[in-house]
Structures are given as C-alpha cells and as structure tokens.
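J.: Before anything else, here's the structure in question.
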Amino acid sequence: MHIGEFSEITGIRADTLRYYEKTGLILPKREGNLRFYTEEDKIRIETVVYLKDLGFSLSEIKNILELDDNMTDDFENGIVNKDNLNKLREITNKKLIQLEEKETEIAILKSILQNMKKKLEVFEEGVQNGIEKQKTDEKENSSVGMAAPRGIEPRLSD
C-alpha cells in the first residue's frame, strides 16, 4: 500500500511516516519515489507508537528495534550476540528504573488528590448541614412568629 493509505490505516500523518523513514525507524520498500508499506511495516509502526507512548525517546526506540532486528537475524542464523543482549538489557533496566520513579510520583499525587477529595466531601457535608440547619431554624422562627427584620433577607451562601 502507498503512504496515503498507510497513513489512514495507522492514523500516523504522512510527514511523520516520512520522518520515521528518514531516521530509520521504518524502512518501507521503495520504487523510485513511491513507498510500499507491508503488514510488517504496520506492526513496526504500532510498536514505535506504543513505545513512544510509554515514554521511550525515538533514539531509544531506534536502538531497541535495531537490536531486535539483529537478535532476530542472529537467532535465525544460530548466533548469540552478547553485546546486543547486554545493550537491550541496559536499555530495559534504565527504563524500568524510570518507570519505578514515575510510579512513586503517581502514588504521591494520588495520595494528595485523595486527601483533597476527602476535604471536599467534609466541606460539602458541612455546607449541606449548615443549609439544612438554617432552613430548620427559619421554619422554627416562622412558626413562632419570629421573622427577619424588615428589609433584611436571610442569605444562603452558594
């Protein structure tokens, strides 16, 4: 399929696809100026988008994809390249540490937001109780003939 159709299917703009090709993230078949995308290219671009959404930089993604390509080739040829394995392990460990740091930040933020929510609930309950008490007081006052002085209206706050 051509770039326009591939762009529609993947939801990735054509200029972004060209950029990804220029940086080596995807390598569609070419005939002259025409690009032909395959199902493998679709899977690869989905991987790029997924890793990008997880916080990997394009440089990291390129390294991961290259290492994966090399490991696949090595595996098919019965070769074990320890350098590739170590590089991939290093990238993976680095990203795991970053994710653990994010988890800590998220846990702190979640705790802050939960405390704010509790305060809001207590405040809203207090406001509601205050309004109900004020209405009860007004009813009691009106039933015994007590009214607000002329020109003064009881106010309820929002």
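The values are calculated or read from the model by the stated rules, or taken from the named source; none is laboratory data. What you are looking at is a predicted structure, and each value in this text was computed from that prediction instead of being measured. Heads up, the Cβs are rebuilt from the backbone with ideal geometry, glycines too, and the neighbour counts pull from every protein chain shown. To get the accessible areas, we keep the full protein, side chains included, count just its heavy atoms, and leave off ligands, DNA and RNA. Shrake-Rupley method; radii C 1.70, N 1.55, O 1.52, S 1.80 Å.
J.: Hey, which of these cross-link pairs are over 28 Å Cα-Cα: 118/139; 52/110; 52/118; 42/102; 42/110; 22/102?
T.: Numbers: 118/139 31 Å; 52/110 24 Å; 52/118 35 Å; 42/102 30 Å; 42/110 36 Å; 22/102 31 Å.
Beyond 28 Å: 118/139; 52/118; 42/102; 42/110; 22/102.
J.: Any idea what the dipole of the chain comes to, in debye rounded to 20, about its Cα centre with Lys/Arg Cβ at +1 and Asp/Glu Cβ at -1?
T.: Numbers: 25 positive and 32 negative charges, 107 e Å.
The calculated dipole for the chain is roughly 520 debye.
J.: If you don't mind, another one. Choose one answer from 53, 73, 137: the residue with the largest mean-square fluctuation in a GNM of the chain with alpha-carbon springs under 10 Å.
T.: Greatest mean-square fluctuation among the candidates belongs to 137.
J.: Moving on to the next point. Of the options 54, 70, 85, report the single residue whose Cα projects farthest towards the positive end of the charge dipole of region 34-86 (beta-carbon charges: Lys, Arg +1; Asp, Glu -1).
T.: 54
J.: I've got another one for you. Please say if region 15-68 is rounded, prolate or oblate, where rounded means a/c under 1.5 for a ≥ b ≥ c the square roots of the C-alpha gyration tensor eigenvalues, and otherwise the choice is prolate for a/b larger than b/c and oblate otherwise? Numbers along the way, then the final one.
T.: Details: a/c = 1.99, a/b = 1.83, b/c = 1.09.
It is prolate, given that a/c is not under 1.5 and a/b is the larger ratio.
J.: Among (i) 13.2; (ii) 9.0; (iii) 18.4, find the value of mean projected area of the Cα convex hull in nm² that was calculated from the structure presented, and write down its label.
T.: (iii)
J.: Shifting gears a bit: Express in nm, to one decimal, how much length is gained between residue 110 and residue 72 on full extension, taking 0.36 nm for each residue of separation and deducting their alpha carbon distance. Mind showing how you got there, number by number?
T.: Values: separation 38, 0.36 × 38 = 13.68 nm, distance 4.10 nm.
Full extension of this stretch gives 9.6 nm more.
J.: Another question about this same structure. Below 8 Å, C-alpha to C-alpha, sequence gap of six or more: please give me the relative contact order for the chain in percent.
T.: Details: 67 pairs, mean separation 19.6, N = 158.
Computed value for the chain: 12 percent relative contact order.
J.: Okay, moving on. With a Förster radius of 22 Å, plug the Cβ-Cβ distance of residue 81 and residue 52 into 1/(1 + (r/R0)^6) and report the FRET value to the nearest 0.05. Please report the intermediate quantities before stating the final value.
T.: Values: r = 26 Å, r/R0 = 1.18.
For R0 = 22 Å, the calculated efficiency reads 0.25.
J.: Would you mind telling me the share, in percent, of accessible area of the chain contributed by carbon and sulfur at probe 1.4 angstrom? Intermediate results must be reported in sequence, preceding the final value.
T.: Working: 6820 of 12580 Å².
In the chain, the share of accessible area belonging to carbon and sulfur is 54 percent.
J.: For the chain, what is the calculated [θ] at 222 nm in deg cm²/dmol (nearest 500), taking -39500 (n - 2.57) for each run of four or more DSSP H residues and dividing by its residue count? Write down the numbers at each step before the final one.
T.: Numbers: 5 runs with 113 residues, N = 158.
The per-residue figure over the chain is -25000 deg cm²/dmol.
J.: Let me ask something additional. Rank 36, 107, 123 by how far each Cα sits towards the positive end of the charge dipole of the chain (+1 on Lys, Arg Cβ; -1 on Asp, Glu Cβ) and give me just the farthest.
T.: Checking the options against the dipole of the chain, the answer is 123.
J.: Can you list the HN-Hα couplings for region 126-131, worked out from phi with the Karplus curve (6.51, -1.76, 1.60; θ = phi - 60°), rounded to whole Hz and with x for Gly and Pro?
T.: Using θ = phi - 60°, the values come out as x, 4, 4, 4, x, 5 Hz.
J.: Of 46, 101, 125, which is the most mobile in a GNM of the chain whose springs link Cα atoms less than 10 angstrom apart?
T.: Greatest mean-square fluctuation among the candidates belongs to 125.
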